[in-house]
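Everything on this sheet refers to the single structure shown next.
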Amino acid sequence: YEEPELLPERLPLLRTMTTPMEELTARPERVRESLTGALPEFEVNIAASECQIGSGYLPDRRLESVCVTIDHEQDAPPRRLLNELRGLSIPVIGRLNQGQLWLDMRGAERIDELAMVLSALKSGKTQ
């Protein structure tokens, strides 16, 4: 490649994979604030996590990351919320883990846009 120092700017996946943890740990508080305001019946926290790079050459390789976790005293609401997030004007993709919905901040590059979309959630839809 010409200008290898510019590769993260030109290759979004490489940028995502090489985002430093210092930058990732700055992202979740804004998301947590948006979700706490929009979904008061849910418990929203921040947790250390790992994300899987993918399959093919490195199927078991994981990267250190940080997530916003969304929990509820009942099992069904996180599942419904997962579907609701996918149906937003800008789809938000999460994963269910240990009965909680996890939003990985490694995939949350445009944090202001994400926070705005999440703050539009209405808590009544998820019950």
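One residue is enough: does the range 90-98 have a residue meeting the conditions part of a helix (DSSP H, G or I) and within 25 Å of E9 (Cβ to Cβ)? Break it down stepwise before answering.
Start the filter on the range 90-98 by keeping residues that are part of a helix (DSSP H, G or I), which leaves none.
No, the range 90-98 contains no residue that is part of a helix (DSSP H, G or I) and within 25 Å of E9 (Cβ to Cβ).
So which helices (runs of 4 or more DSSP H) stay within the range 1-70 end to end and still have 2 or more residues that are in contact with a Pro (Cβ under 6 Å, 6 or more places away or on another chain), of a type outside the set (S, T, Y) and open to solvent by less than 90 Å² (accessible area, probe 1.4 Å)?
Numbers: elements: 7-10, 12-17, 21-24, 28-38.
Per the criteria, 12-17.
Scan the range 19-40 for residues that are in contact with a helix residue (DSSP H, G or I) (Cβ under 7 Å, 6 or more places away or on another chain) and either under 29 Å from P77 (Cα atoms) or at pLDDT below 80 (or both) and jot them down. Write out each step before concluding.
Within the range 19-40, the subset in contact with a helix residue (DSSP H, G or I) (Cβ under 7 Å, 6 or more places away or on another chain) is 19, 24, 27-28, 30-31, 34-35, 37-40.
If the condition is that a residue be in contact with a helix residue (DSSP H, G or I) (Cβ under 7 Å, 6 or more places away or on another chain) and either under 29 Å from P77 (Cα atoms) or at pLDDT below 80 (or both), then L24, R27, P28, R30, V31, S34, L35, G37, A38, L39, P40 are the ones that fit.
Mind telling me which of the residues R80, R86 ends up being open to solvent by 20 Å² or more (accessible area, probe 1.4 Å), modelled with pLDDT of 90 or more and within 14 Å of the chain's Cα centre (by Cα)? Show your work before the answer.
Values: R80 fails: within 14 Å of the chain's Cα centre (by Cα).
It is R86.
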Single residue of the range 107-127 satisfying the filter (modelled with pLDDT under 80, part of a loop (DSSP other than H, G, I, E, B) and of a type outside the set (K, R)) that is nearest to R27 (Cα to Cα): E109
Unmet criterion (only one of (1) in contact (Cβ under 8 Å) with a residue 40 or more places away in the chain; (2) within 12 Å of the chain's Cα centre (by Cα)) for I46: (1)
Conditions (1) of a type in the set (S, T, Y); (2) touching an Asp or Glu at 6+ places or on another chain (Cβ under 8 Å); (3) over 15 Å from R106 (Cβ atoms); number of the one not met by S65: (3)
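If you take the residues in the range 89-106 that are open to solvent by 30 Å² or more (accessible area, probe 1.4 Å) and under 17 Å from T36 (Cα atoms), which one is modelled with the highest pLDDT?
It comes out as Q100.
The values are calculated or read from the model by the stated rules, or taken from the named source; none is laboratory data. None of these values were measured; they are calculated from a predicted model. Positions of Cβ are generated from backbone atoms using ideal geometry, with glycine treated the same way; all protein chains shown enter the neighbour counts. Accessible surface areas use protein heavy atoms only, side chains included; no ligands, DNA or RNA. Shrake-Rupley method; radii C 1.70, N 1.55, O 1.52, S 1.80 Å.
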